[in-house]
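Here is the structure we will look at.
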Amino acid sequence: MTAAIYQYDAFDQAIVDQRVTQFKNQLSRHLKGELSEEDFRPLRLQNGLYIQRHAPMLRIAIPYGLLNTKQLRTLADIAQQYDRGYAHFTTRQNLQYNWIPLEQTAEVLEKLATVQMHAIQTSGNCIRNITSDALAGIAPDEAVDPRPFAEILRQWSTLHPEFAYLPRKFKIAITGATEDRASILWHDIGLRVVKNEIGEIGFTVFVGGGMGRTPITAKKINAFVPWQQILGYLESIVRVYNLHGRRDNMYKSRIKILVKSIGIEAFSEQVNQTWKKIKDQPRLQIPAAELERVSASFTTVSYSDMAVDTAELNRLKQTYLPFARWVKLNVLPHKHENYASVTFSLKHPTQAPGDATTEQMLKIADLADQYSQGTLVVSHKQNLVLNHVHQNNLYELWKAAEALQVSSPTVGLLTDMIACPGGDFCSLANAKSISVSEAIHQKFDDLDYLYELGNIRLNISGCMNSCGHHHAADIGILGVDKDGQDWYQITLGGSDGSNKGHPTVKAGKVIGPSFSEAAVPDVIETIINTYISNRAPEEALWQTIDRIGLEPFKAAVYPDRIEKRQPQEVNNG
Amino acid sequence: MAKIIEFPTEWQNQETKLFTGDGVISDTWHFVSEADAVNLDTPNYYDLTRQILFPLDAWLSLSPVNRPSGFWLRSNDDISKLELDLTHTQIIAIAFPRAVDGRGYSIARILREEYGFTGIIRAIGEVRIDQLTNMNQVGFTEFALHPDASIESAKQALNSLPNRYLDYQDAKKGNQFNYRHTA
């Protein structure tokens with residue numbers, strides 16, 4: 001048995017219901033002109049509403065990525081009834097709608113509350129949705145299931161009265177596994193649940209990570225905080241940030257800038273001063289009974305002892321090459337030997353990365369009911385993961401996924417791109433993301449070739465806010481505005497902390513001047529060709545970049561570079 | 001100069017309406033703006049038998065026996081480093097120079113929890129009725145609202161989220177773990 005998904009009790013339900021009532025009242029006061037746009041803004045943001053290009057974008061919280069099928073069906077119905085029949089899954093495991101009229105948003109939130117969902121703190125300068133490993137609870141490399149802790153942190157941060165108006169947004173990610181599949185070092189606070197030498201559970205705490213204009217990875221601030229004391233420790237960090245983070249310049253107001261400017265030692269000292277004063281307060285100690293209560297509030301899944309028919313599975317793999325590829329890339333090992341984790345790819349060439357239609361969501365819900373005990377997970381890579389699939393069902397599930405166009409056998413390959421909605425939807429974006437991902441799909445449409453290229457992470461962000469995590473990819477594409485045109489800057493060598501990239505988590509480096517949209521696919525092709533002509537046997541792209549550096553790539557991408565530069569140098573001289 | 005950009009001061013000259021959660025009360029404290037405190041040769045100019053709220057630095061410049069039993073804090077006053085003696089303090093006002101400047105919430109908790117301050121904590125400056133519920137949670141007991149603010153709406157807003165996962169208001173009384181409090 002393993003935990004599946006947290007279930008609300010009457011208390012949790014009352015919180016989301018009260019929040020909907022509160023928002024309805026605020027919205028109605030705003031529509032009547034009693035609440036100015038300026039005063040309404042932080043209130044709507046903390047209920048997930050951005051004013052965007054076409055309509056408000058509404059971001060729904062999916063706590064640490066977990067969904068049950070009832071929730072997914074409701075999300076699908078909302079997309080049908082209030083939006084245009086689709087929705088977008090994000091890198092922070094949330095879901096976004098783009099076309100819901102402001103007047104209808106309270107109604108949508110009310111509908112969400114009926115399935116234990118909300119949009120609380122999915123935006124605004126507050127503690128955002130806690131994210132985690134999509135394989136939490138079933139990963140073979142996991143020391144401690146982080147989800148009961150993630151739920152306690154969710155409850156602690158939800159409506160936290162002290163931290164609703166921080167200098168800037170604040171993101172926390174948590175993992176309990178050896179491999180970091182949650183990019184914890186790219187978060188304001190990254191938490192790793194660990195066991196110490198005598199088996200006690202605690203947290204290694206990292207602070208000050210973030211992407212944006214100034215990509216910085218989080219630094220270790222405490223190797224082991226006993227789990228009972230984690231709330232006090234987090235309150236100390238966030239309080240120091242709330243009091244001392246910059247508020248005069250939006251671009252310098254994330255905690256990463258504070259940590260960088262005073263240094264991790266000085267920051268750590270300030271945190272410890274606060275922690276010393278509050279750590280023993282009974283109100284901040286998590287009692288064992290509370291952890292037990294939260295753990296017991298998760299539904300459970302049970303696993304069958306029915307043996308895997310390995311002979312049949314092998315026969316099917318030999319008969320159907322696409323199935324074999326899908327198993328190799330989209331099916332991951334499970335703690336239970338008979339089971340597997342299956343990734344439904346939302347990276348079909350005909351759809352924007354992370355998008356799913358109402359029909360797909362409804363049918364995926366049916367498949368999750370049939371094959372994965374009614375739950376699924378939104379992954380950081382913008383795919384949907386079914387974590388409780390008996391291996392004897394893999395072939396049937398693959399056939400069904402094929403029919404839904406969610407079976408692209410490309411997980412971890414170049415076309416498993418992360419992309420933000422970009423300039424087509426987002427008012428912050430400098431440039432489009434979706435058309436670029438489409439063009440890359442067209443350029444790299446040969447599965448054999450993609451397979452041969454192996455594991456490559458390519459991420460696209462439409463602007464410096466870096467929602468598409470371009471900094472953390474082997475190949476990053478960043479939209480920039482040049483005289484009103486969409487241009488794109490390319491970075492190489494970034495890493496997110498997973499085993500699929502450079503072991504040192506770092507931002508990619510810009511290779512040179514930006515390109516027009518039309519040129520981007522050819523540039524990517526040149527980078528790939530440079531990799532192929534330089535790679536050692538079995539070498540992944542990140543390893544080649546690491547070994548030979550950026551120069552060979554720059555030389556290939558900018559062949560005229562040296563000739564162009566020389567006259568400039570003469571002029572300057 | 002950066003300070004001025006960062007902390008608007010116009011609010012210091014605005015009229016307010018003092019709300020306690022139950023209703024409006026008349027303000028028995030005389031508020032002294034930063035500008036007025038600076039322009040005076042010494043705050044001793046004031047009749048110290050009156051109830052006067054000086055900004056913290058002016059209050060500190062008085063000899064302890066002359067200090068009124070209240071003062072007000074800017075959002076960048078770092079009280080965790082000051083070790084103030086609050087034995088004779090009845091009221092501390094905390095300024096919100098902008099509605100989205102959230103430092104005052106932390107300051108209030110530091111006063112309640114680190115200093116053990118049990119007197120009045122008043123929210124002044126850009127105080128919005130939709131913030132009252134959070135302010136109340138971290139220990140504020142009086143709210144200087146805009147004169148046009150609807151008291152009906154303010155009461156409703158203050159009581160809009162009776163359930164809290166971590167109820168600091170209630171915990172303040174018992175100081176015990178109170179994870180799932182219902183009002």
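How large a share of the accessible area of the protein assembly as shown, in percent, is made up of carbon and sulfur atoms when the probe is 1.4 Å and the other protein chains stay in place? Spell out each step's value before the answer.
Values: 14740 of 29490 Å².
Using a 1.4 Å probe with all protein chains present, the protein assembly as shown comes out at 50 percent carbon and sulfur.
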Within straight-line cross-link reach of A:LYS399, lysines at Cα separation under 18 Å, skipping those fewer than 8 residues along the same chain = A:LYS317, A:LYS328, A:LYS347, A:LYS363
Using Cβ-Cβ distances only, list the Cys residues of chain A with no partner cysteine under 4.7 Å, sorted by number.
-> A:CYS126, A:CYS426, A:CYS463
Which ³J(HN,Hα) values in Hz, rounded to whole numbers, follow from the phi angles of region A:259-267 under the Karplus curve 6.51 cos²θ - 1.76 cosθ + 1.60, where θ = phi - 60° and Gly and Pro get x?
-> 5, 5, 6, 9, x, 5, 5, 5, 4
Note down the accessible area of B:LEU161, probe 1.4 Å, to the nearest 10 Å².
-> 10 Å²
Listed by chain and number, the aspartates and glutamates with an alpha carbon less than 12 angstrom from that of A:LYS220, same-chain partners under 8 positions apart left out, are A:ASP188, A:GLU265
Spin-label model distance (nm) - A:SER516 vs B:ILE120, 7 Å beyond Cα toward Cβ = 6.9 nm
Taking 20 Å² as the minimum loss, tell me which residues in region B:89-105 lose that much accessible area going from the chain by itself to the full protein complex (1.4 Å probe).
-> B:ARG98, B:VAL100, B:GLY102, B:ARG103, B:TYR105
Relative contact order of chain A, defined on C-alpha pairs under 8 angstrom at six or more residues apart (%) = 13 percent
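Buried accessible area for the A:B pair, summed, 1.4 Å probe, in Å² rounded to 100?
On the way: alone 23150 and 10460 Å², together 29490 Å².
Protein heavy atoms only, the A-B interface buries about 4100 Å².
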Could you state the per residue volume, in Å³, of the convex hull enclosing the Cα atoms of the protein assembly as shown?
-> 180 Å³
Quick one: if you stick a label point 7 Å off each Cα along the C-beta vector at A:GLU337 and A:ALA266, how many nm between them?
-> 5.7 nm
Give the cross-link partners of A:LYS24 among the aspartates and glutamates, using a straight C-alpha distance below 14 Å as the criterion and excluding same-chain residues fewer than 8 apart.
-> A:GLU34, A:GLU103, A:GLU107, A:GLU110, B:ASP130
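Kindly state, to the nearest 0.05, the FRET efficiency for A:SER295 paired with A:GLU103, given R0 = 35 Å and r defined as their beta-carbon distance.
Values: r = 41 Å, r/R0 = 1.17.
About 0.30, to the nearest 0.05.
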In Å², what does the accessible area per residue of the protein assembly as shown work out to with a 1.4 Å probe?
-> 39 Å²
Diffing region A:308-315: the Karplus 3J(HN,Hα) column from phi (6.51, -1.76, 1.60, θ = phi - 60°), in whole Hz with x for Gly and Pro, holds 6, 7, 4, 4, 5, 4, 5, 4
So which residues of region A:153-201 lose at least 40 Å² of accessible area, probe 1.4 Å, when you go from the chain by itself to every protein chain present?
-> A:GLN155, A:LEU159, A:PRO161, A:GLU162, A:TYR165
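Students sometimes get this wrong: rank A:THR2, A:THR114, B:THR141 by accessible area, probe 1.4 Å, all chains present, largest first. Show your work: numbers first, answer last.
Details: A:THR2 20, A:THR114 100, B:THR141 55 Å².
So the residues, ranked largest to smallest area, are A:THR114, B:THR141, A:THR2.
Where in region A:141-214 are there trypsin sites (Lys or Arg not before Pro) that are in a DSSP coil and have at most 15 other Cβ atoms within 10 angstrom of their Cβ?
Working: sites: A:ARG154, A:ARG168, A:LYS169, A:LYS171, A:ARG181, A:ARG192, A:LYS195, A:ARG213; in loops: A:ARG168, A:LYS169, A:LYS171, A:ARG181, A:ARG213.
The qualifying sites are A:ARG213.
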Output the residues of region A:240-254 meeting this criterion: accessible area (heavy atoms, 1.4 Å probe) in the chain alone minus accessible area with all protein chains in place is 10 Å² or greater.
-> A:ASN242, A:LEU243, A:HIS244, A:ARG247, A:ASP248
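The values are calculated or read from the model by the stated rules, or taken from the named source; none is laboratory data. These numbers were taken from a predicted model, which means no experiment stands behind them. When we count neighbours, we look across all protein chains shown, and the Cβ atoms used for this are built from the backbone with ideal geometry, even at glycine. Note: areas computed on protein heavy atoms with side chains; ligands, DNA, RNA excluded. Shrake-Rupley method; radii C 1.70, N 1.55, O 1.52, S 1.80 Å.
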